[in-house]
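What follows is a short report on a single structure.
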Amino acid sequence: MLAPAMAEVAAESLAGGRARAARTVLNQVVLPGEELLLPEQEDAEGPGGGGERPLRLNAGVRSRVRVVCGPGLRRCGDRLLVTKCGRLRHKEPGSGSGGGVYWVDSQQKRYVPVKGDHVIGIVTAKSGDIFKVDVGGSEPASLSYLAFEGATKRNRPNVQVGDLIYGQFVVANKDMEPEMVCIDSCGRANGMGVIGHDGLLFKVTLGLIRKLLAPDCEIIQEVGKLYPLEIVFGMNGRIWVKAKTIQQTLILANILEACEHMTTDQRKQIFSRLAES
């Protein structure tokens with residue numbers, strides 16, 4: 001839920017057509033249609049040149065640092081526009097030379113395919129040499145039978161309708177059908193392919209998936225101490241989990257679903273009770 005005061009400020013900025021500096025609205029609410037100003041463009045203005053200006057991708061003076069636009073931000077011509085409602089986030093580069101990654105952190109359940117994302121899909125149909133895979137987007141993704149490790153025209157993978165597929169997008173844009181593969185750039189499966197028939201598949205919000213995949217996520221470390229398990233995370237909001245028994249599998253699924261709305265203290269109490277039992 002967005003704070004009313006912060007949402008009101010963003011709405012006034014959008015209505016007045018004023019572009020806001022990105023560094024002044026970090027961790028604050030931004031609305032679709034807003035234009036952001038990046039501090040990396042100040043050098044193009046020169047000393048006393050009026051401060052920041054909108055990002056100009058075609059400008060003659062190139063930025064000295066690299067700025068990456070993540071989800072929720074879109075480059076339209078020479079402008080940088082906000083496409084999602086949420087909080088603006090920023091991550092500094094590892095070199096510490098400035099720039100970094102800007103993105104909009106929003107709570108949503110509808111997934112939009114992004115190139116390079118690892119997702120969990122469900123095979124819904126087979127059309128010739130192409131499998132149709134439901135990934136939770138606006139249209140199914142295509143998966144070639146040759147997009148598996150060791151697959152050839154004679155040695156085809158054993159994929160049936162209804163199977164779960166863990167793969168990544170190699171084509172994902174608004175003008176073309178999404179395309180998946182189950183191999184990396186070296187032709188290796190690297191954990192991708194058909195997921196086992198046992199286990200449980202359930203769906204969570206995209207925000208929880210990003211939280212669970214963070215390198216310093218304590219939830220996954222605590223879950224791993226409860227029961228031996230196998231778990232697969234898809235950036236499309238799907239999680240597949242398997243434990244030794246059905247009861248343990250259901251407990252793990254319920255814990256992961258509830259962790260999104262728990263505080264750290266509440267989560268630790270739940271894990272301590274389960275560990276005692």
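In whole percent, what relative contact order does the stretch 112-247 give with Cα contacts below 8 Å and a gap of six or more residues? So the answer I get is 24 percent. Legend: residue pairs 203/225; 211/268; 91/225, Cα-Cα distance threshold 21 Å; pairs beyond threshold, 203/225; 91/225. The residues of the stretch 126-226 present an accessible area of 56 Å² per residue when probed at 1.4 Å with all protein chains retained. Among 83-89, 20-26, 234-240, sorting by the average number of other beta carbon atoms lying within 10 angstrom of each residue, highest first, gives 234-240, 83-89, 20-26.
May I ask you to give the percent of accessible area on the stretch 151-248 that is carbon plus sulfur, with a probe radius of 1.4 Å? Here carbon and sulfur together make up 50 percent of the probe-accessible area.
Candidates 224, 168, 206 compared by Cα position along the dipole of the stretch 168-277: farthest toward the positive end lies 224, with charges placed on Cβ.
Cα centroids of the stretch 200-229 and the stretch 230-277: 7 Å apart.
Each of residue 155 and residue 101 was given a label point 7 Å from its Cα along the Cα-to-Cβ line. The distance between the two points is 3.5 nm.
The values are calculated or read from the model by the stated rules, or taken from the named source; none is laboratory data. These numbers come from a predicted model, not from an experiment. Here Cβ is always computed from backbone atoms with ideal geometry, including for glycine, and neighbour counts include all displayed protein chains. These area figures cover heavy atoms from the full protein model, side chains too; ligands, DNA and RNA do not enter into them. Shrake-Rupley method; radii C 1.70, N 1.55, O 1.52, S 1.80 Å.
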